[in-house]
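The values are calculated or read from the model by the stated rules, or taken from the named source; none is laboratory data. This one's a predicted model, so the numbers in the text were calculated from it and none came from an experiment. Please note that ligands, DNA and RNA were not included when accessible areas were found on the heavy atoms of the full protein model with its side chains. Shrake-Rupley method; radii C 1.70, N 1.55, O 1.52, S 1.80 Å.
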Amino acid sequence: MLLVAGSANLDFVVRAAHIPAPGETVLGRDFKTYPGGKGANQAVACARAGGAVTHMLLALGADAFAVPLEDSLQEAGVHLHLVRVADHATGTAFICVSDDAENAITVAPGANLALRPADLPSLEGFTHLLMQLETPMDTVLAYARAANEQGVKVVLNAAPAQHLSAELLALVDVLIVNEGELAVVSENQGPVAECLARIQVPCVVVTLGRKGCCARTGAGFLTQPAFDVAAIDTTGAGDTFCGALVAALSQGNDWPQALKVASAAGALACTRWGAQSSIPTRVEVLDFLKINGL
Ligand code: ADP
């Protein structure tokens, strides 16, 4: 059983020929809202793609934007520990996607910034706590400390990229980063191996987009190539990967198997639009692995 503590945002997505330059107005098309936010995306991925019993601690405003976020999590079977914040709007993200698949994103974190150390529920029965960096750093640190004290494994996806204190890193069991985040966390611009050597966390997973992923684990250095898919929207691929990975680890899978399942889930998420809407089911992930001979 795992707990995700993190953000939920309603994504306002508009497609346009190009992303507007400062001062420019662009006529867009195909406006749609999607449930998003790294925490909520990863919780949906744990439950739907990973098939794990998943709880999520999140903060939402008392407004209409909160409704589709709660609905999406509940549809995926996530058990909610909801902090209702009266004086902040629900988190939102304004995303412009250009025809050449570039995007520009502005996040208004709103209620996500109101998640406080005192909001953590009892950790009894949980094996893993999964967090990201879209909630206040002092809250992330307090939750990591509580989990560590109670023998719950702390998994941190250090996104969006931020410097991490030595105090926080000492509490983390598994760190998941992409290449940009790896450079920020390791304070090094060199090759992946050089960056990894500078991070004192037992297990570190580095996702490399369409190049796959690698990991330094107790079982040694592992690599997993990406699966070949026709990618149309990579939004949510990283979150899907994180959720599916932690779900697999919490169910006792070994590292090579967990990386494989997470990569398959991440690849499938690239073949559909949106964040939570693109996350595959467990059956789809297992069928995909079967078709690919694994
Ligand atoms: P982030 O969005 O956090 O930067 P990545 O882009 O590294 O994360 O993607 C996370 C994982 O999703 C990758 O390690 C890979 O397994 C999978 N993935 C991402 N992009 C693709 C792609 N174009 N084709 C297949 N798999 C992909």
Exercise. Taking the chain as a Gaussian network, where each spring joins two C-alpha atoms under 10 Å apart, which residue of A114, A226, A16 fluctuates the most?
Worked result: A16
Exercise. Most mobile of A86, A111, A62 per a Gaussian network model of the chain (Cα springs, under 10 Å)?
Worked result: A86
Seminar exercise, completed: With a ≥ b ≥ c from the Cα gyration tensor eigenvalues, square-rooted, and the rule rounded for a/c under 1.5, otherwise prolate when a/b > b/c and oblate otherwise, region 153-284 is prolate
Problem set entry | Spherically averaged projected area in nm², based on the convex hull that wraps the Cα atoms of region 127-203 | 4.5 nm²
Problem set entry | Top of G37, G218, G236 by mean-square fluctuation, Gaussian network on the chain, Cα under 10 Å | G218
Exercise. What does the convex hull of the Cα atoms come to per residue for the chain, in Å³?
Worked result: 132 Å³
Exercise. Can you give the Rg to Rh ratio for region 73-200, taking only C-alpha atoms and Rh from Kirkwood?
Worked result: 1.00
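Quick check for you: with a 1.4 Å probe and neighbouring chains kept, what is the accessible area per residue of the chain, in Å²?
On the way: 12580 Å² over 294 residues.
Each residue of the chain exposes 43 Å² on average to a 1.4 Å probe.
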For this session: Pull up all non-local amide H partners of V4: gap of 5 or more, or a different chain, and H-to-H distance under 5 Å with H placed in the peptide plane.
Result: H55, M56, L57, L130
For this session: Find how many whole Å separate the alpha carbon centroid of region 40-97 from the alpha carbon centroid of region 207-270.
Result: 22 Å
